[in-house]
Amino acid sequence: MKKIILFLAIVLIVFGGIAGITKYKQSRQAKNNPYAPAKSVSKLSAETRDQLDDPLYQNIILPKELNHDLKSGKAVTVYYFMPTCPHCKRTTPVVSPLAKDMGIDLKEFNLTEFESGWDDYKIKATPTIVHYKNGKEAARLVGEHTKQEFRQWFKAHVKK
């Protein structure tokens with residue numbers, strides 16, 4: 001009987017530890033959730049949750065914010081991506097630091113989490129960068145490019 005009680009105690013301790021670790025991890029992710037208040041961490045795709053702590057994906061713009069910026073005529077440059085897109089996975093480490101170095105506030109729009117963005121912003125493929133002026137699209141760059149090509153595009157269309 002003592003062995004059964006000891007075994008049950010060990011099982012409870014293990015499950016308690018797992019629950020504690022899981023709760024800690026979820027609270028940490030919730031703290032770093034740039035998708036709030038639009039989506040809670042539990043409603044994000046697994047791929048998006050994996051990016052929550054990635055410094056390359058911290059300038060997220062939500063549809064409501066983007067629509068507000070466009071309606072107000074604010075100039076905004078948006079990087080449309082998907083966490084599962086292989087081209088985006090290669091492009092983000094190039095374009096995000098480049099934009100930062102050039103002083104460009106490159107907003108990131110996750111099409112996995114906000115699928116209406118495909119139609120709302122006429123996105124046909126990822127990655128896509130769109131620069132808006134006065135609430136209207138002024139320039140678009142689609143696909144994977146070299147760092148130099150991104151730099152030239154930013155200079156020509158964003159940093160005029």
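The values are calculated or read from the model by the stated rules, or taken from the named source; none is laboratory data. Keep in mind that this is a model prediction, so the values were computed, not measured. Counting neighbours? That spans all protein chains shown, and the Cβs are built from the backbone with ideal geometry, glycine included. Calculation scope for accessible area: heavy atoms of the full protein, side chains included, ligands and nucleic acids excluded. Shrake-Rupley method; radii C 1.70, N 1.55, O 1.52, S 1.80 Å.
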*Accessible area (Å², 1.4 Å probe, nearest 10) - residue 136*: 140
*With log10 I(q)/I(0) by the Debye sum over Cα atoms at q = 0.10, 0.14, 0.16 Å⁻¹ defined as stated, name the option among (i) -0.44, -0.72, -0.90; (ii) -0.36, -0.70, -0.90; (iii) -0.32, -0.65, -0.87 computed from the structure displayed.*
(i)
*From phi via Karplus (6.51, -1.76, 1.60), per-residue ³J(HN,Hα) for region 42-48 in Hz, x at Gly/Pro*: 5, 9, 7, 5, 4, 5, 5
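Might you tell me the accessible area per residue for the chain, computed with a 1.4 Å probe and given in Å²?
Numbers: 9880 Å² over 160 residues.
Each residue of the chain exposes 62 Å² on average to a 1.4 Å probe.
Do me a favour and compute the ellipsoid semi-axes for region 102-146 from its Cα gyration tensor, root of five times each eigenvalue, largest one first, whole Å.
Details: eigenvalues 58, 40, 26 Å².
Semi-axes (√(5λ), whole Å): 17, 14, 11.
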_Rounded accessible area of residue 69 (nearest 10 Å², 1.4 Å probe)_ = 20
*What are the aspartates and glutamates whose alpha-carbon lies under 18 Å from the alpha-carbon of residue 136, with same-chain residues fewer than 8 places away excluded?*
65, 69, 105, 108, 119, 120
*Whose amide H sits under 5 Å from the amide H of residue 60, counting only residues 5 or more places off or on another chain, with H placed in the peptide plane?*
108
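List the relative contact order of region 1-135 as a percent without decimals, with contacts defined as Cα pairs under 8 Å and 6+ residues apart. Provide the component values of the computation, followed by the final result.
Working: 143 pairs, mean separation 36.9, N = 135.
Normalised by residue count, the contact order of region 1-135 is 27 percent.
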_Probe 1.4 Å - accessible area at residue 6, Å² to nearest ten_ = 110
*Is there a pair in 89/133; 43/159; 89/159; 71/100 whose C-alpha atoms are over 31 Å apart, and which pairs would that be?*
43/159
*What percentage of the solvent-accessible surface of region 86-160, computed with a 1.4 Å probe over protein heavy atoms, is contributed by carbon and sulfur atoms?*
49
*Could you go through region 75-86 in sequence order and give the Karplus-derived ³J(HN,Hα) for each residue, using 6.51 cos²θ - 1.76 cosθ + 1.60 with θ = phi - 60°, rounded to whole Hz, and x for Gly and Pro?*
6, 8, 10, 10, 9, 8, 9, 10, x, 8, 6, x
*What residue among 85, 66, 97 has its Cα farthest toward the positive end of the dipole of the chain, where the charges are +1 on Lys, Arg and -1 on Asp, Glu, each on the Cβ?*
97
*How large is the dipole of the chain about the Cα centre if only Lys and Arg carry +1 and Asp and Glu carry -1, each at its Cβ, rounded to the nearest 20 debye?*
280
